[in-house]
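Novice: Before we start, here is the structure in question, set down as structure tokens.
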Amino acid sequence: MSDADPRPVDLRPKEFESPPDDPFANDRLNRKESVESLCTIIQNARRPLVVSVEGAYGTGKSSFLRMCASRMSQLGAWAVEFNAWQQGHTGRPLIDLVAALSTRLADRGSWDKVKDAARHAGWRTAGYLTRGIVAPIEADSPVVFQEWADIDDGVAEFRASLREEIEAAGKKLVILVDELDRCEPTYALDLLNKARHLFDIDGVVIVFGVNREELGHAVETLYGPKCDVDGYLRRFVDLSMQLQLPTTVEWAAYMTSICDSLLDCTRILGDESNTPRVVLTLLADNCGGRLRDIEQIVRQANLALPPRDYNPIWPLQLITMLALRYLDRDSYERFVAGDAGTGEVLLVMREHLTKTEAMFDMTFLDAVLLLLHGDQEVPRDENAFVEYYQSIRKGEIDDAKSTYGLLQGLRRHTFAPMSAVETLHKIIEIAAPI
């Protein structure tokens with residue numbers, strides 16, 4: 001590669017952006033309608049409201065919350081985003097949250113009184129919770145009752161100050177909390193508790209982006225495996241919204257948006273009819289591929305692809321290897337070591353990629369896999385190939401003949417009848433070390 005034609009190295013995606021004047025400008029997963037529905041509920045809520053937007057890791061919760069924040073700002077609300085994992089600086093949820101609020105809304109009201117009240121309530125609560133650990137005291141000690149009274153006064157002061165600020169502004173305050181499930185269990189559950197009770201004020205709506213399964217682990221960590229996780233979480237949340245996995249079309253649009261920012265990737269994956277792109281869409285659509293996982297595969301492929309004089313089927317071979325590595329790491333490792341044959345790999349791929357008829361002929365992928373170890377393993381004579389293919393795939397004769405025809409076409413684009421597995425493996429282990 002020459003200095004005149006450098007390849008951009010870009011493995012970490014940019015933060016999702018939702019412009020205030022056009023909240024859905026970068027909506028690649030067709031979630032505008034869902035965001036609009038939630039914003040309508042928030043806008044019309046007459047009482048305090050706590051909402052959970054639920055989805056597994058990497059399903060787009062953060063981008064959903066960001067679009068919701070921009071849309072609510074567009075509708076005239078105070079919308080504040082709080083990343084519980086990145087902004088939990090003090091380890092005290094109330095202090096961290098109010099600090100983020102006052103920083104975000106510094107020019108839109110006087111938050112000094114709210115900050116002072118939060119500081120008092122936060123420190124008093126922390127002091128009470130740790131007193132029995134640091135210096136054990138009797139349950140009926142006057143100190144216990146005095147601290148209880150101090151905490152109650154602090155909470156009342158905080159709620160009164162916040163209510164005064166909201167009423168003076170005449171706006172809704174929408175707090176969107178992200179990455180809660182990545183926090184320490186005590187912090188995550190304390191934040192849920194503080195949000196539910198301390199911000200239970202008319203005009204305040206809190207939206208949590210959560211992975212219910214991970215949050216459930218946090219509950220079990222503190223209260224034991226027999227704890228009713230769903231029952232516990234329902235105590236804090238009024239409304240739950242479940243994010244659905246993207247459709248095939250939405251996956252395709254999402255990957256196109258990734259490729260648009262990657263020069264070489266656009267050339268290889270950007271065409272809707274291009275097979276590498278279809279394989280990635282198939283991977284995403286059929287095996288629970290998460291947004292971040294699929295985006296990482298695309299970026300790894302872009303980094304690993306050779307300069308512009310590449311072998312025409314190299315991108316497809318590379319992506320097929322990356323897909324196998326993602327689907328079944330053990331089979332991938334044994335395949336590159338020569339301990340797993342092509343037949344086993346074919347079965348692994350087909351086991352995971354099941355919804356294929358509508359968009360892709362799996363025999364093409366079979367042909368690509370058969371070429372990975374080179375022609376030494378694959379008969380060139382059609383009759384011999386049909387017998388070989390049926391022995392490893394146990395498919396119909398028509399499938400075997402179709403695969404043979406595809407294989408012959410692919411052979412015309414290979415550089416030499418040699419294995420590509422070792423070379424691809426070395427590239428992948430550099431580009432995708434995790």
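Novice: Just to be sure I understand the filter: pairs with C-beta atoms under 6 Å, separated by 6 or more residues or on different chains, first member in region 402-415 and under 19 Å from residue 387 (Cα atoms) and assigned to a helix (DSSP H, G or I), second member among the acidic types (Asp, Glu) and at pLDDT 80 or above. Which pairs pass?
Specialist: These pairs meet every condition: 403/366; 404/382.
Novice: Which one of these is at pLDDT 80 or above and either assigned to a loop (DSSP other than H, G, I, E, B) or open to solvent by 10 Å² or more (accessible area, probe 1.4 Å) (or both): 159, 131?
Specialist: Step by step, each of 159, 131 is checked, and only 159 is at pLDDT 80 or above and either assigned to a loop (DSSP other than H, G, I, E, B) or open to solvent by 10 Å² or more (accessible area, probe 1.4 Å) (or both).
Novice: May I ask you to verify whether residue 196 is free of Cβ contacts under 8 Å to residues at least 12 places away in the same chain and of a type in the set (Lys, Arg)?
Specialist: When the stated conditions are applied, residue 196 does not pass them.
Novice: Which one of these is outside any helix (DSSP H, G or I), of a type in the set (D, E, K, R) and without any contact (Cβ under 8 Å) to a residue 24 or more places away in the chain: 33, 15?
Specialist: Details: 33 fails: outside any helix (DSSP H, G or I).
Of 33, 15, the one residue that is outside any helix (DSSP H, G or I), of a type in the set (D, E, K, R) and without any contact (Cβ under 8 Å) to a residue 24 or more places away in the chain is 15.
Novice: Also: Mind checking which residues of region 370-384 are surrounded by fewer than 20 Cβ atoms within 10 Å (Cβ to Cβ) and at pLDDT 80 or above?
Specialist: Correct list: 379, 380, 381, 382, 383, 384.
Novice: Testing residue 59 on (1) modelled with pLDDT under 85; (2) within 19 Å of residue 193 (Cβ to Cβ), one condition comes back false. Which one is that?
Specialist: Unmet for residue 59, out of (1) modelled with pLDDT under 85; (2) within 19 Å of residue 193 (Cβ to Cβ): (2).
Novice: Right, something else. For the structure I just gave you, tell me whether residue 180 is open to solvent by less than 30 Å² (accessible area, probe 1.4 Å), in contact with a Cys (Cβ under 8 Å, 6 or more places away or on another chain) and modelled with pLDDT of 85 or more.
Specialist: Taking the combined requirement at face value, the residue does not satisfy it.
Novice: Could I ask something else about it? Filter region 84-96 down to the residues that are hydrophobic (A, V, I, L, M, F, W, C) and within 16 Å of residue 182 (Cα to Cα), then identify the one that is surrounded by the most Cβ atoms within 10 Å (Cβ to Cβ).
Specialist: Checked region 84-96; the qualifying residue surrounded by the most Cβ atoms within 10 Å (Cβ to Cβ) is 84.
Novice: Another question, if that's okay. Take the residues of region 321-367 that are under 21 Å from residue 406 (Cα atoms) and of a type in the set (Asp, Glu): which is modelled with the lowest pLDDT?
Specialist: 357
Novice: Out of (1) under 20 Å from residue 181 (Cβ atoms); (2) out of contact with any Gly (no Cβ under 7 Å at 6 or more places or on another chain); (3) modelled with pLDDT of 90 or more, what's the single condition that is false for residue 53?
Specialist: (2)
Novice: For region 48-61, how many residues are buried (at least 21 other Cβ atoms within 10 Å of the Cβ) and either assigned to a helix (DSSP H, G or I) or of a type in the set (Phe, Trp, Tyr) (or both)?
Specialist: So the answer is 1.
The values are calculated or read from the model by the stated rules, or taken from the named source; none is laboratory data. In this text, all values refer to a predicted model and were calculated from it rather than measured experimentally. Heads up, the Cβs are rebuilt from the backbone with ideal geometry, glycines too, and the neighbour counts pull from every protein chain shown. Keep in mind that these areas ignore ligands, DNA and RNA; they rest on the heavy atoms of the full protein, side chains included. Shrake-Rupley method; radii C 1.70, N 1.55, O 1.52, S 1.80 Å.
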